[in-house]
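Let me begin by presenting the structure, written as structure tokens, before commenting on it.
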Amino acid sequence: MTGERVRTDGGQRLDYQFETVVDQLAEPVFLKDRDGVYRYINEAGAELFDSTREAVVGKTDADLFDPGEARAVRDDDETVLETGESLTVERPHTTGGTERVWRTTKHPYRPDGEIEGVVGASHDVTERVRAEAERERNERALRDLQRLASDRSLDVDEKLDRALAVGRERLGLSFAFITHITDDTQAIVAAKGDHEALQPGSETPLSETYCRRTVEAEGSLTVAHASDEGWTDDPAYERFGLECYFGGTLYVDGDRYGTLCFADTDPREGGFTDAEETFIELLTEWVSYELDRRERQAELERFGTIVRAVDDGVYAVDDEGRFTFVNPAMAELTGYDPDALLGEHLSTVKDDDETAAALDALLSGEASERTVEAPVRRARGRPVPCEDNMTRLDDAEGRVLGVVGVVRDVTEQRAQREMLSELVESSRSFMGARDRSEVMRMVAHAIENVLGFELNVVRQFDREGERLVPAGTTDAVTERLDDPPTYDLDEGGPGRAFVDGEPVEIEDTDAVDDDRDREVVRSALHLPMGVHGTISIGAEEPDAFTDVDRQAIQLLATSGAAAANRAKREQEVRQARERADTLVDRINGLIEDTVEVLVQAGTREQLERGVVEQLVATDPYAVAWVAAPDVAADTLEATTWDGEPDLSAALADLTLDQTAEDPTARAFRTDEIQVLNDLDDLPEESPHAAAAAAGLGSMVAVPLTYTGTSYGVLTVYASEPEAIADRERVVLSALGRAVANAVNAIESGRILTTSRVIEMEFTVRDADLLFGRLSGQTGAELTLSGSVYQSDGSLRVYVTAVGTDEESVMAVLEGDDAVREATVITDHDGEVLLEAVLEESLIEVLADHGAVTQAVSAEEGVVRYTIELPQEAEAREIFELVERRHEGTDLVGYHEHERSARTRQEFREAVLDRFTERQETAVRTAHLGGFFQWPREVDGDELADSMDISRPTYHQHLRAAQRKVFEELFDHDGRSP
């Protein structure tokens, strides 16, 4: 047809480009003459026949289709030729082994007005046709499932069986089954199909199943062609041989139950469609729901069985408050037949206001639970006190369906509550007793008042006699029985109960073989009351005690034991308070008298004498003595003593090694108070043996220490063992510190009042001294320019360092542990003035021993000290003290001299002698003119004018005069104060 003009429908002719345009279409287009011979076909049409355009043109449908299909196509063509109208048909056609559905529209071909043939075009509608078929199958399956769900004639198991059939038909597979998975095992619970391994009741290890992959996926799993998808070596494939598989996970009450599965031994070409997957997912949810419903039904049946079997009454009412259910216990409680109550209102048996209010609150949705204690009205007889636990019933949408109630007869509980209230009140009253005997009398009467038992005896344990002695009885015991007996331990019921700590019950006293009168008491109950005694209750009939009686009596016994403990503690507290008051009075008197001695003593001997005299005048102390340290010999020597018995013979020559394992030496060495509660524990060679031999019982050794310096030990003996209480230790320890403080004050004051002194010089080469470290590391010459004690006890020193600079000095001081803080005041021409606060210093140690440091200097690591001591001081002890603390100590100077006291007049004259005339005039006019007041009454210009000199000249004279005053004050004789 190329190059020709073609006539089309309507008699119109197309130009020669017709063929070119149609060839571009993706859908088949053809033209056949009246005989059915193809005159034209485009490329897409030729491909339907797996051929070319040239091969198809000139052929008929009989040449291209099978006979049946060719006949149908020819019939369509003839219809168009005969009617002259267009025709649309849909028919399947297989090309290349694949069947497709084509929608073909044919029109009459009229090139010159007459019908000369048929022209047509085809469109592939395979997917639409398949979708419609799929939808139809889905709709049919859903209708089947809907009918199945609404069929109330079927139970759950029957519905599950039919659901498998619906799913199997929908997917066109041979097998359908439901599994239940527990632990590591899969069990088939329902199945369709004839696979031997997929039958109800069969079990398989989960590891050998397809379903393990389903539950791992926590959803669904599809396998279209297992052997092509790598399952050939899987144990599930080897066991079941399934080529295609579709499984979904089933859940019951939120927990995994198992799987819903469909399978076949043949592969599924094309896999599973989305519609199929959606349907099976829906079916899986429905099966889960039915399984869940089956579980709930089973649970409801179990619940119904339980409700019918319980002893409590159970009922249900509807949203109008009318009975819909009554269990046998409820019917028995009310006295009504169950059928007679059904349909009646709750008020038939519970007509109180509280129940009515609770029912209204529940049915209105105001409350979900209510508990009401009210009587239940019986068909005949008196009302029964009951407790009703009422719970609202709602449907899934939250609408109120009714109320369920559980009713319990509380007659016995009410009686027990009343009895318990009385027991609690009685137990509280026990706590008001002042002693244990009163507690036991109250317990005996409480048993009678609360439980009604009249024959009660409470016995108290006598520790000394190891017996149980009557301490509390009721009036009936006194009136009807002989005097209640006393029991030894392990004797009779009371003795056994006390020793074993367990109740002893005698159900019939006739069975007891002893010589006691049993005419009145026919049964008895004996209980221990802690460690305090026993409770015995008698009854006039055999086996008279119930479980409630036993529990109540046990409670009273426990409460009585607790009250007895409290009474015993309170009595001990009262006694201890009385002893403490006595002790406080005695200690206060001792402290007042001793403080007076410390204030009035002028010498150490007077102080020590006064302290020991005050101590032995105070109970329980009998003898007291003071041991002072001998620094040179490392011993302690008794210096002062007093008391009875007289131990002068033993103490006069007593010398105790400071390292001895003795309480007095240990107190000196450890600076801690030492107590020995029994002197008989001492060895015979002890320095305290004489005190033990004299009949003294205990001792305490108190260190006399002040700011790290020990002035000895105060040793005190008491007449009795265990006489030194904790409170006395605290007081004596404080007393020791006060005595040491007073001794320090006396020692320090001697140097201030004496007119003749010992001056001693010594050098120390020891890196432990700050001056030694500083001079050694900086190479400077150091001089102590002054020192001041701080309020916190530390020492602030002023030091002049010559031959160094600020940087070198601070480099040493800032890394020194002995220096709390350091500051350079001036640094000029190789001379540095600094101040430092020291944690500890040899200057402090010397001061604590009564020495005054006059000068300190250091050079090349060697420190020279010049100190003054009162004439009567032991200079040798001081030197040995320094020598023990610091190696490399050498004495370089020692002499005695008179120290003249400098008067105020002498100081004034010394200052005036140093002034020039101008300097004296400058400072006098400044003082008299108010220059040193604030605010100043006169300024420098006015003072300078008064002396007819310039202001700078005036200030030069004033500064010179001030410097000379301070030099005379702080550097008198060139020494540090």
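The values are calculated or read from the model by the stated rules, or taken from the named source; none is laboratory data. A quick note: this is a predicted structure, and the numbers were derived from the prediction, not measured. Counting neighbours? That spans all protein chains shown, and the Cβs are built from the backbone with ideal geometry, glycine included. These accessible areas exclude ligands, DNA and RNA; they are computed on the full protein's heavy atoms, side chains included. Shrake-Rupley method; radii C 1.70, N 1.55, O 1.52, S 1.80 Å.
Scanning residues 5 or more positions from T640 or on other chains, those with amide H under 5 Å from its amide H are V626, with H placed 1.01 Å from N in the peptide plane. Could you work out the relative contact order of region 314-456? I mean the mean sequence separation of Cα pairs under 8 Å and 6+ apart, divided by the number of residues, in percent. Computed over region 314-456, the figure is 19 percent. Let me make sure I get this right: for region 486-564, a, b and c are the square roots of the gyration tensor eigenvalues over alpha carbons, sorted descending. Under 1.5 in a/c it's rounded, otherwise prolate if a/b > b/c, else oblate. Which is it? Taking the square roots of the gyration eigenvalues as a ≥ b ≥ c, region 486-564 is oblate. If you plug the beta carbon distance of A70 and E218 into 1/(1 + (r/R0)^6) with R0 = 60 Å, you get a FRET efficiency near 0.60.
Let me check I've understood the local charge: for A718, count other residues with C-beta under 10 angstrom from its C-beta, Lys and Arg +1, Asp and Glu -1. What total comes out? Local charge sum for A718: -4.
Estimated purely from DSSP H runs of n ≥ 4, each contributing -39500 (n - 2.57), the mean residue ellipticity at 222 nm for the chain is -13000 deg cm²/dmol once divided by its residues.
Residues of region 839-868 with an amide N closer than 14 Å to a point placed 7 Å from the Cα of D671 along the Cα-to-Cβ direction: 840-841, 845, 848. Of the residues V802, F915, T826, the one whose Cα sits farthest toward the positive end of the charge dipole of the chain, with +1 on the Cβ of Lys and Arg and -1 on the Cβ of Asp and Glu, is F915.
Take the Cβ atoms of D353 and R296, set R0 to 25 Å, and the FRET efficiency comes out at 0.10. When region 616-763 is described by a simple charge dipole with +1 on each Lys and Arg Cβ and -1 on each Asp and Glu Cβ, the residue from S698, A734, Y717 located farthest towards its positive end is A734. Solvent-accessible area of K59, all protein chains in place: 80 Å² (probe radius 1.4 Å, heavy atoms, ligands and nucleic acids excluded).
In region 253-375 the Cα-Cα distances spread across 10 Å bins starting at 0 as 10, 26, 22, 14, 12, 9, 5, 1 percent of all pairs.
For region 796-905, a simple Cβ point-charge model (Lys and Arg +1, Asp and Glu -1, everything else neutral) yields a dipole of about 620 debye relative to the Cα centre. Considering region 424-519, its Cα convex hull presents a mean projected area of 7.1 nm².
Rg over Rh for region 602-739 works out to 0.92, both radii taken from alpha-carbon positions and Rh defined as the Kirkwood radius.
Segment E541..V129, full-extension length gain: 138.4 nm, with 0.36 nm per residue of separation and the alpha-carbon distance subtracted.
Ligands, DNA and RNA aside, H895 has an accessible area near 80 Å² when probed at 1.4 Å.
Under the simplified labelling scheme, the L420-R34 pair shows an inter-label distance of 11.4 nm, with each label point 7 Å from Cα along Cα→Cβ. Positive-end ranking of L774, C211, G120 along the dipole of the chain, with charges on Cβ about the Cα centre, is headed by G120.
Put a plus charge on the Cβ of each Lys and Arg, a minus charge on the Cβ of each Asp and Glu, and nothing anywhere else: the dipole of region 618-658 about its Cα centre is then about 40 debye. Principal axis analysis of the Cα atoms in the chain yields extents of 166, 119, 66 Å, listed in decreasing size. Based on every Cα atom in region 188-305, Rg and the maximum pairwise Cα distance Dmax equal 15.6, 55 Å. Counted residue by residue at 0.36 nm each, then reduced by the alpha carbon distance between them, the extension gain from S950 to E967 reaches 3.5 nm.
A convex hull fitted to the Cα coordinates of region 351-402 yields 71 cubic angstrom per residue. Under 5 Å between amide hydrogens, built in the peptide plane, is the criterion, and for V410 it picks out C386, E387 among residues at least 5 positions away or on other chains. In units of the rule-of-thumb radius 2.2 N^0.38 Å, region 376-435 shows an alpha carbon radius of gyration of 1.96. Here's the picture: a label point sits 7 Å out from the Cα of D318 along the beta-carbon direction, and within region 341-379 the residues with their amide nitrogen under 16 Å of it are 341-347, 363.
Each of the peptides 879-885, 338-344 was scored by the mean count of other Cβ atoms within 10 Å over its residues; in descending order, highest first, they stand as 879-885, 338-344.
With the simple spin-label model, which puts each label point 7 Å out from Cα in the Cβ direction, the V57 to D311 separation comes to 10.6 nm. A cut-off under 14 angstrom between Cβ atoms defines the neighbours of L342, and their net charge, with Lys, Arg +1 and Asp, Glu -1, is -4.
Would you kindly derive the ³J(HN,Hα) couplings of region 27-41 from the backbone phi angles with the Karplus curve 6.51 cos²θ - 1.76 cosθ + 1.60 (θ = phi - 60°), listing them in order in whole Hz, with x for Gly and Pro? Listing the rounded values in order: 9, x, 9, 9, 9, 10, 7, 5, 8, x, 8, 5, 9, 7, 7 Hz. Structural descriptor for the chain: relative contact order 4 percent, calculated from alpha carbon pairs under 8 angstrom and at least 6 residues apart. Think of each Lys and Arg Cβ as +1 and each Asp and Glu Cβ as -1; about the Cα centre, that makes the dipole of the chain roughly 2360 debye.
Remark: the E366-D508 segment gains 45.2 nm on full extension, using 0.36 nm per residue and subtracting the alpha carbon distance. Distance between the C-alpha centres of region 702-747 and region 230-303: 93 Å, rounded to the whole angstrom. The lysine pair tally for the chain, using Cα distances under 26 Å and a gap of 8 or more places or different chains, is 4.
Working from label points 7 Å from Cα in the Cα-to-Cβ sense, the E139 to Y289 distance is 2.2 nm. Helix 904-914 axis versus longest C-alpha principal axis of the chain: approximately 80°, rounded to the nearest ten.
According to the square roots a ≥ b ≥ c of the eigenvalues of the Cα gyration tensor, what is the shape class of region 921-963, taking rounded for a/c under 1.5, prolate for a/b larger than b/c otherwise, and oblate for the remainder? Here region 921-963 falls in the oblate category. In order along region 541-546, phi translates into HN-Hα couplings of 9, x, 6, 8, 9, 8 Hz, rounded to whole numbers, per the Karplus curve 6.51 cos²θ - 1.76 cosθ + 1.60 with θ = phi - 60° and x for Gly and Pro.
Between Q777 and V892, the FRET efficiency estimated from the beta carbon spacing at R0 = 22 angstrom works out to 0.40. Normalised by the number of residues in region 799-899, the average gap of Cα pairs under 8 Å and 6 or more apart makes the relative contact order 17 percent.
Take 523-535, 410-422 and order them by the average number of nearby Cβ atoms within 10 Å per residue, most first; the result is 523-535, 410-422.
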